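Scroll down for the structure; my scribbles are underneath it.
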Amino acid sequence: MNQDDRLAYFVVVHGMDVQTFEQMAIHFACRRGGMRALDESRYISIPVTLDTIGRTLTWVKTKLDGCYRELYLIVSVEAKLSWSEVVIPAEIALLAGQSKAAIKVLLSN
């Protein structure tokens with residue numbers, strides 16, 4: 001099985017108000033997210049592919065700059081892979097860096 005079949009990518013935006021959440025939910029046709037109990041701010045998690053990561057991060061930075069607190073690019077790795085088998089493409093680091101998005105790697109089952 002190809003490594004790409006075992007990696008999933010998400011752009012996660014934290015710390016937005018209700019209006020910004022709605023704007024993103026409509027634009028990306030995605031309502032994966034919720035509310036933080038501590039500060040009642042919203043977050044949204046948008047599934048992306050290697051082909052759409054750049055466009056998604058660019059849209060968030062240009063349309064919402066200043067309307068959120070945190071921006072992440074999540075790389076979810078299926079746990080059947082060992083760390084030595086995972087290669088995250090350099091283009092992902094470049095795209096995340098250009099958008100000032102932190103990269104988080106998560107293991108999933």
(request) Scan (1) in a helix (DSSP H, G or I); (2) out of contact with any Lys or Arg (no Cβ under 7 Å at 6 or more places or on another chain) for the single condition K104 breaks and write down its number. (result) (1)
(request) Consider V75 carefully, then state whether it is closer than 21 Å to Y43 by Cα, in contact with a helix residue (DSSP H, G or I) (Cβ under 9 Å, 6 or more places away or on another chain) and at pLDDT below 90. (result) yes
(request) Of all residues in the stretch 10-66, count the ones that are β-branched (V, I, T) and either in a strand (DSSP E or B) or surrounded by 18 or more Cβ atoms within 10 Å (Cβ to Cβ) (or both). (result) 10
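On the given criteria, is L50 touching a helix residue (DSSP H, G or I) at 6+ places or on another chain (Cβ under 6 Å) and touching a residue at least 40 places away in the same chain (Cβ under 8 Å)?
On the way: touching a helix residue (DSSP H, G or I) at 6+ places or on another chain (Cβ under 6 Å): no; touching a residue at least 40 places away in the same chain (Cβ under 8 Å): yes.
Considered against the rule, which asks whether it is touching a helix residue (DSSP H, G or I) at 6+ places or on another chain (Cβ under 6 Å) and touching a residue at least 40 places away in the same chain (Cβ under 8 Å), L50 comes out as no.
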(request) Give me a count of the residues in the stretch 67-80 that are assigned to a loop (DSSP other than H, G, I, E, B) and either among the small types (G, A, S) or exposed (fewer than 15 other Cβ atoms within 10 Å of the Cβ) (or both). (result) 3
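Looking at the stretch 89-99, which of the residues that are more than 12 Å from the chain's Cα centre (by Cα) and of a type outside the set (A, V, I, L, M, F, W, C) is farthest from T56 (Cα to Cα)? I'd like the intermediate steps shown before the answer.
First, the residues of the stretch 89-99 that are more than 12 Å from the chain's Cα centre (by Cα): 89-91, 93-94, 97-98.
Pick out the ones that are also of a type outside the set (A, V, I, L, M, F, W, C) and you get 89, 91, 97-98.
Working: P89: 17, E91: 14, G97: 14, Q98: 12 Å.
Among residues in the stretch 89-99 that are more than 12 Å from the chain's Cα centre (by Cα) and of a type outside the set (A, V, I, L, M, F, W, C), the one farthest from T56 (Cα to Cα) is P89.
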(message) Can you tell me which of (1) of a type in the set (V, I, T); (2) in contact with a Lys or Arg (Cβ under 9 Å, 6 or more places away or on another chain); (3) assigned to a helix (DSSP H, G or I) is the one I92 doesn't meet?
(response) (2)
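The values are calculated or read from the model by the stated rules, or taken from the named source; none is laboratory data. Model, not experiment: these values are computed from the prediction. Note that we place each Cβ from the backbone using ideal geometry, even for glycine, and neighbour counts take in every protein chain shown.
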